[in-house]
Structures are given as C-alpha cells and as structure tokens.
Amino acid sequence: MKGLILSAGMGTRLDPLTRTCPKCMVHVAGRPIMERQLDALRSAGVDNCTIVVGYMADAVRDHFGTRFHGVSLSYVENTVYDETNNLYSLCLAKAELDEDTLLLEGDLIFDDQLISRLVGFEDGNTAIVDRFQSHMDGTVVLANGGVAGAMVLKADQGPEFDYGPALKTVNIYRLSRETLAEAIIPEMEEFIADGRTDQYYEAAFAKLIESGRMKMTVMMTEKNRWAEIDTLEDLRDAEKVFVSASATSS
C-alpha cells in the first residue's frame, strides 16, 4: 500500500501565509501540515508516498526531498495548477496508482490513529467520514449499512437538501488497485477528455457510485480528531484542538 497526497493548489484563502509557502507547509501547532501527514503514514506502516505538487512546487521538493522520516517520496507536478482542479492533479499521478492507495489532500491535519485504522480496514474502497455539523462545508456521503449509496458534492446540495443523514467526507480515502485501474482512472480520463479539468475528483467518485461501478464503504472518525485547513479561521480552530491534544498527551 502506498500514499498519495494532493498538494498542488494555491491556498488563496490562507493569504498572507501562502504568499511565502505552499499550503501543505503552513504550520499547525508548531509543525507543517504535511510533516504530520507523512509521520502518520509511516506510523501506519506506509513507507512509500507520491506528492502531487503545483504552486511553489520546488519549496515542497526541497523541504521533503526523496525520503522523509522513513517514507520514500516521489513527485508529480501539475504545471497548470492555477487552471485545473484536483481531479486533474489525481489523474496526472495515474502511473503511480499501481497498488492499493491511501489518498489524502495536503490541507488536512488529523490524529495518526485515523490512518492506522484505515490501513487495517478490511474493505477495499473506503471513505473516512464524520457526522455532518453546521460549520462543515463540502462533499457529503449518504450511507446505508456502512456503504455509500450516494456522494453529493457541494454544488449539488440545493436549498432543500436534507443534511440529517449526511456524513462529511474527511478527504481521506483507501482505494483498491483494481478499482483504480478498472473504474477510477478511466472515469477521470473521460472527464478530462470532455474538457472538465475544473472538477473535483469526488465528481468522478459520485458518478461511479451512482452507476454501481464502485462500491465504497465508510469509516467513521469516532474519537479521532481531524481538521481541514482552508481559511485563517480554520487554522485558528485547528491550533486550539491540536495544541490541546499535544498538551494532554505530554
């Protein structure tokens, strides 16, 4: 099993911090976000990871190199990061998707145990999810019996959308080699061939789930903490949670 981290975006909502460093290297509770992610992968026994870079790509490569804290690293560069979305970035890395893969986004901070639990999960395709709360934003999953019946992107959540049963995607997935090769990569290639390079990869996932071509189970975060760092407010909130967590464990 290998890891793949999407980290090509500009992180404009974290301005001015991202004027001088890429989003994945913004510090939370004293450490860059991606350092924490790579340590979590290593702790879970994942020692090989590909990073898709774009904005300030050299800064990421220079900082992490080809090996960081026991994790071997390779890079794929999205040179049109300012014109495309993460479906395009993920598809650029298709040659690296040759085994079971943990897919992460480079703006996430979380308890290491979350990755360890996902690695130990028995199902091939799994999304980590949390109970939807009013402050959350983005793609949600509607599940039945632990299996995703639908994945609904933010753009498709109209004014009458019922958030009661919704589960928020954490943006961490376990994807099987077979599903990647037979369903996900071909679907993303079709999106790109149609000129839909501005889409989130969840749009491809949603279509595959709806058509029955991909089964995806869900794994609840339970007591494991996580945060997505999109804005300065997100960063302040995450600092409170993870500084507190560090103090509690010390």
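The values are calculated or read from the model by the stated rules, or taken from the named source; none is laboratory data. For clarity, every value in this text was computed on a predicted model and none was experimentally measured. Note: ideal-geometry Cβ built from the backbone for every residue, glycine included; neighbour counts use all protein chains shown. Ligands, DNA and RNA are stripped out before the accessible areas are found, and what is left, the full protein with its side chains, is counted by its heavy atoms. Shrake-Rupley method; radii C 1.70, N 1.55, O 1.52, S 1.80 Å.
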Please list, or write none, the lysines whose alpha carbon is within less than 18 Å of the alpha carbon of K168, excluding same-chain residues fewer than 8 places away. K154, K207, K215, K223
Return the loop-located GluC sites (Glu not before Pro) in the range 175-209 (DSSP other than H, G, I, E, B) with at most 11 other Cβ atoms within 10 Å of their own Cβ; answer none if there are none. none
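Leaving out ligands and nucleic acids, and using a 1.4 Å probe, what accessible area per residue does the chain come to in Å²?
46 Å²
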With the full set of protein chains in place, find how many percent of the accessible area of the chain is carbon and sulfur; take the probe as 1.4 Å. 46 percent
Separation in nanometres of the label points that stand 7 Å from Cα toward Cβ, at E190 and K240: 4.5 nm
Euclidean distance of C-alpha centroids, the range 126-171 and the range 38-64, integer Å: 28 Å
Length released on extending from E83 to K215, taking residue separation times 0.36 nm less the Cα-Cα span: 44.4 nm
Computed FRET value (nearest 0.05) for M136 with K223, which takes r as the C-beta separation and R₀ as 22 Å: 0.80
FRET efficiency for T66 and R31, Cβ-Cβ distance as r, R0 = 25 Å, nearest 0.05? 0.75
Between Q157 and M10, what is the spin-label point distance in nm, taking each point 7 Å from the Cα along the Cα→C-beta axis? 2.5 nm
Paired Rg and Dmax values of the chain, which use every Cα atom, in angstrom: 17.1, 52
Need the list of aspartates and glutamates near K94 for cross-linking: C-alpha distance under 17 angstrom, and skip anything on the same chain fewer than eight residues off. E77, E105, E178, E182, E187, E189, E190, E202
